[in-house]
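The next block holds one structure in the form of structure tokens; read it before the comments.
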Amino acid sequence: MTAEKKIKKVGILCSGGDSPGMNCAIRAFVRTAIGAGLEVYGIRRGYAGLLEGDIIKMDESSVGNILQHGGTILQTSRCPEFHEADIRKEASHILARKKIDALAVIGGNGSFNGAHALHEEHGIPIAALPGTIDNDITGTNYTIGFDTAVQTAVEAVDKIRDTASSHARTFIVEVMGRSSAAIALHVGVCTGAENVVVPSDNIAYGQIASDIQRGIVRGKNSSIIICAEGKVPGLSYKIQENLKETHDIDAHVCILGHIQRGGNPSSLDRFIASRMGFVAVNELLNGNKAFVTAFVSGEVTPVPLNECLEKRDEYLPQTVDLVKALSI
Ligand code: ADP
């Protein structure tokens, strides 16, 4: 006999930046939980909504017809106050008043840190579902939204390549990725980029210029440089300026920006997010108290939350080599 409290009511929220596929995870979590006889509450606008008690009861139909849409029906937010222990205590009281026994948090490593603190300080069981286009959380090889974001950027670069080829031009295309090179490197391979500039790089202007010039000499009629935005968008303009001033190369800049965060989730994102929602409920019911629905060795599997609190810098040296090898 276990003296442990049985979970009857569960809450779910999204926090931090949105990513395509979050809706699939919400749908899977809600339906799996209801199927298991639990009551489910949706917490709107992340930790900010939790603190305001913006909490709605969810049923099977409340998540109907959402899995093909980007964004999140629960909405999301950044909530700086959640860094304060007193504020998190207030959040735990709100959950207690609503009799919510466990919380699912979909977000990035910042959101996971907030959830981890809530668990450590107040014992609230946490299921953390990795959702960010950056694919940059330790402990999991995949985060919901990455595949869709890469696909969106690849489609955009393909279109830019048409114009670049027609006018024999060089383009610098800036893709998202706060501290992670994952999107840039994948897009670089999939679009045949001449060079990829990643956030951890000291920008090798001379190398970029010689990659472009080598292409021109061998008769290429376009060059595409993929640049990861890093902390602040606009790095591409610095590269453009240097190429012009130091190497007399004219390059056009295109910053893709937020189009990469939205859009219909790919089938991969739908599948993995659905699986994560399902595993989250079952692990909570199995008594797991603080875990991430991580993607490891091709399967969604629970990994302790405290192993997934850091950012993973997906520099991927083998992908850098691949870009170099294929762009000669
Ligand atoms: P992401 O979850 O996508 O990494 P952020 O880093 O912006 O996004 O974090 C989202 C939210 O998670 C923050 O606005 C804050 O409410 C909460 N959070 C982030 N880091 C912490 C932390 N160390 N302690 C408590 N809450 C945190």
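Each row is one residue, and each column tells you yes or no for (1) free of Cβ contacts under 8 Å to residues at least 12 places away in the same chain; (2) open to solvent by 10 Å² or more (accessible area, probe 1.4 Å); (3) not assigned by TED's automatic domain parsing to the domain that holds Ser165.
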site	(1), (2), (3)
Leu185	no, no, no
Val197	no, no, no
Gln207	no, yes, no
Val217	yes, yes, no
Cys227	no, no, no
Lys231	no, yes, no
Quick check: is even one residue across the stretch 41-58 more than 14 Å from Gly11 (Cβ to Cβ), of a type in the set (A, V, I, L, M) and either within 21 Å of the chain's Cα centre (by Cα) or crowded, with 20+ Cβ neighbours inside 10 Å (or both)? yes
Going through Ser19, Ser61, Ser77 one at a time, which residue ends up being surrounded by fewer than 20 Cβ atoms within 10 Å (Cβ to Cβ), assigned by TED's automatic domain parsing to the domain that holds Val279 and within 12 Å of Ile106 (Cα to Cα)? Ser77
Inside the stretch 121-148, the number of residues satisfying the requirement of being closer than 23 Å to Gly53 by Cβ and in a helix (DSSP H, G or I) is 2
Going through the stretch 245-262 one residue at a time, which ones are open to solvent by less than 50 Å² (accessible area, probe 1.4 Å) and not in a helix (DSSP H, G or I)? Ile249, Ala251, Val253, Cys254, Leu256, Gly262
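Sort out which residues of the stretch 33-51 are away from the ligand (no atom under 13 Å from the Cβ) and assigned to a loop (DSSP other than H, G, I, E, B), and write them in order of number.
Listed by number, the residues that qualify are Ala36, Gly37, Leu38, Arg44.
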Would you check which residues across the stretch 188-243 are within 31 Å of the chain's Cα centre (by Cα), in a loop (DSSP other than H, G, I, E, B) and not small (Gly, Ala, Ser) and list them? Glu194, Val198, Pro199, Asp201, Asn202, Ile203, Glu229, Lys231, Val232, Pro233
The stretch 83-128: number of residues that are more than 11 Å from the ligand (Cβ to nearest atom) and aliphatic (A, V, I, L, M): 10
Examine the stretch 96-105 for a residue that is open to solvent by 40 Å² or more (accessible area, probe 1.4 Å), at pLDDT 95 or above and at positive phi, and state whether such a residue exists. yes
Near pairs, Cβ below 9 angstrom, 6+ apart or cross-chain, from the stretch 140-156 (more than 29 Å from Leu305 (Cβ to Cβ)) to any residue that is open to solvent by 20 Å² or more (accessible area, probe 1.4 Å) and of a type in the set (D, E, K, R): Thr152/Arg261
Just wondering, is there one or more residues in the stretch 70-82 that are free of Cβ contacts under 8 Å to residues at least 40 places away in the same chain and more than 15 Å from the ligand (Cβ to nearest atom)? no
Index of the failed condition, Pro265 passing every other in (1) in contact with a helix residue (DSSP H, G or I) (Cβ under 6 Å, 6 or more places away or on another chain); (2) more than 29 Å from His119 (Cα to Cα); (3) assigned to a helix (DSSP H, G or I): (3)
Among (1) under 26 Å from Ile212 (Cα atoms); (2) in contact with a strand residue (DSSP E or B) (Cβ under 9 Å, 6 or more places away or on another chain); (3) surrounded by 24 or more Cβ atoms within 10 Å (Cβ to Cβ), the one test that Arg169 misses: (3)
Regarding Thr148, is this residue out of contact with any helix residue (DSSP H, G or I) (no Cβ under 6 Å at 6 or more places or on another chain), at pLDDT 95 or above, open to solvent by less than 10 Å² (accessible area, probe 1.4 Å) and among the hydroxyl-bearing types (Ser, Thr, Tyr)? no
Subset of the stretch 129-153 [more than 9 Å from the ligand (Cβ to nearest atom) and hydrophobic (A, V, I, L, M, F, W, C)]: Leu129, Ile133, Ile144, Phe146, Ala149, Val150, Ala153
Starting from the stretch 235-261, take each residue that is under 15 Å from Tyr205 (Cα atoms) and list its partners that are open to solvent by 50 Å² or more (accessible area, probe 1.4 Å) and hydrophobic (A, V, I, L, M, F, W, C), counting only C-beta distances under 7 angstrom and pairs at least six apart or across chains. Ser236/Ile255
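The values are calculated or read from the model by the stated rules, or taken from the named source; none is laboratory data. What you are looking at is a predicted structure, and each value in this text was computed from that prediction instead of being measured. Cβ: placed from backbone, ideal geometry, glycine included. Neighbour counts: every protein chain shown. Only protein heavy atoms, including side chains, enter the accessible area calculation; ligands, DNA and RNA are left aside. Shrake-Rupley method; radii C 1.70, N 1.55, O 1.52, S 1.80 Å.
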